[in-house]
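I have placed the structure first, in the form of structure tokens, so that the comments after it can refer back to it.
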Amino acid sequence: MNRQQHTLIGQAPEFQAVVRATRIVAATDVALLILGESGTGKELLAHAVHQHSRRAGRAFVSVNCAALPETLAESELFGHRRGAFTGATTDSPGRIRSAAGGTLLLDEIGELPLSMQAKLLRFLESGECQALGQSMPERVDVRIIAATNRDLLAEVEAGRFREDLYYRLNVVPLELPPLRERGGDVSLLVNHLTAEIATQHGLEPPRYTPQARALLEGYGWPGNVRELRNVCERMVVFCSGREVGPDNLPREIRRGISVHATTRGGAFALPDSGVCLDDVEADLIRQALDMARGNRSKAARLLGLTRDTLLYRLKKYAIEA
């Protein structure tokens with residue numbers, strides 16, 4: 001990422017409150033927990049904290065905890081010495097040492113195996129890092145930022161996340177609002193992202209008609225800013241230098257079929273243009289599978305269906321899970 005991509009764009013009060021809090025906590029080394037739905041910009045916020053801290057000139061290392069194989073997680077985080085295990089042909093510093101003096105982002109912290117949660121807690125409390133095959137631990141100065149789209153307290157109650165680690169990380173929580181709750185920020189982000197992407201590709205940015213902007217503002221953005229960025233990139237590639245009208249936008253945006261709960265008793269918002277119920281049902285199934293990370297039984301529970309019913313509907317809509 002370049003420095004421009006680290007810019008926090010938005011004027012919505014809920015978003016600006018997070019930005020102000022970020023500037024305050026950046027001046028400290030306090031543990032930070034960033035919460036928010038997928039695509040809201042948690043890693044971007046972590047970068048902003050790092051850039052505005054005294055550690056800005058040092059390394060920023062990001063670790064996707066969901067991608068750490070349980071058998072290699074300790075080596076990936078803490079490092080290993082040559083010969084510590086089969087296949088360890090060279091020394092490895094590990095991610096913690098690689099971030100020494102700087103910032104370590106533990107993304108998707110809720111996916112960290114329980115066995116590693118105890119070791120991470122010990123490091124947070126002592127500041128000592130011991131590589132596999134190393135006889136003595138050594139102190140490592142690194143700031144830890146954790147991020148998750150999960151409800152960690154619910155994970156604690158379910159026994160999937162250590163309570164002591166949760167409270168150790170949850171010193172200063174920052175929660176990024178979803179894009180659908182950031183009134184007026186969609187157009188602002190469209191302008192910024194379109195110009196940025198056009199520059200990256202060496203193309204002329206497209207122009208959005210008022211009708212297209214209205215559809216973009218009214219869409220629920222289940223993928224948040226990441227989804228919006230993808231749409232902007234598509235428009236830059238296919239409509240460079242031209243006008244983007246409603247017909248150029250993806251079908252789900254034209255139909256307004258992104259279903260999301262409103263504040264009115266948890267009811268679903270029906271767009272003025274109406275919906276295609278099959279599209280809505282298929283969209284909800286995809287969202288449930290995404291939330292359940294492909295676990296069909298869990299997705300079925302989220303939708304209030306039996307597993308067999310979900311399997312039938314997966315086949316009906318040709319959805320691969």
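Only the coordinates and a few stated rules stand behind these numbers; no lab work does. Worth saying up front: this structure is predicted, and the values here are computed from it rather than measured. Backbone-built Cβ (ideal geometry, glycine too); neighbour counts: all protein chains shown.
The Cα atoms of the range 97-200 give a gyration tensor whose axes a ≥ b ≥ c have a/c of 1.5 or more with a/b no greater than b/c, which makes the shape oblate. The lysines whose alpha-carbon is closer than 26 Å to the alpha-carbon of residue 316, local same-chain residues fewer than 8 away aside, are 298.
For the range 4-177, rounded, prolate or oblate, judged on the Cα gyration tensor with a ≥ b ≥ c (square roots of eigenvalues), a/c < 1.5 rounded, else prolate if a/b > b/c? Here the range 4-177 falls in the prolate category. For the chain, place one equal point scatterer on every Cα, skip the solvent, and apply the Debye formula. What is log10 of I(q)/I(0) at q = 0.07, 0.10, 0.12 Å⁻¹? The Debye formula, applied to the Cα set alone, gives -0.35, -0.70, -0.97.
Approximating the spin labels as points 7 Å out from Cα along Cα→Cβ, the residue 132-to-residue 252 distance works out to 3.9 nm.
Across the range 110-176, Cα pairs under 8 Å and at least six residues apart give a relative contact order of 36 percent.
Taking Lys and Arg as +1 and Asp and Glu as -1, the other residues whose beta-carbon sits under 12 Å from that of residue 222 total -2.
A dipole drawn for the chain from +1 and -1 charges on Cβ atoms has a positive end, and of 216, 201, 231 the residue lying farthest that way is 201. Evaluated on the range 162-240, the Kirkwood hydrodynamic radius is 14.3 Å, with distances taken between all distinct Cα atoms. Model label sites at residue 27 and residue 291, defined 7 Å from Cα along the beta-carbon direction, differ in position by 4.0 nm. The mean sequence distance of close C-alpha pairs (under 8 Å, at least 6 residues apart), as a share of the length of the range 4-177, puts its relative contact order at 32 percent.
Can you classify the range 27-89 as rounded, prolate or oblate using the Cα gyration tensor, where a ≥ b ≥ c are the square roots of its eigenvalues, rounded means a/c under 1.5, and otherwise it's prolate if a/b beats b/c and oblate if not? The shape class here is oblate.
Packing here is the average count of other Cβ atoms within 10 Å per residue, and on that basis the peptides 60-67, 291-298, 141-148, highest first, run 141-148, 60-67, 291-298.
Summary value for the chain: 17 percent relative contact order, contacts being C-alpha pairs under 8 angstrom separated by 6+ residues. For the chain, the 222 nm mean residue ellipticity estimated from helices alone, with every DSSP H stretch of n ≥ 4 adding -39500 (n - 2.57) and the total spread over all residues, rounds to -13000 deg cm²/dmol.
Taking 20 °C and 1.002 mPa s as the conditions, I'd like the Stokes-Einstein D for the range 53-93 in µm²/s, using the Kirkwood hydrodynamic radius from alpha carbon pairs. For the chosen part, D equals 179 µm²/s.
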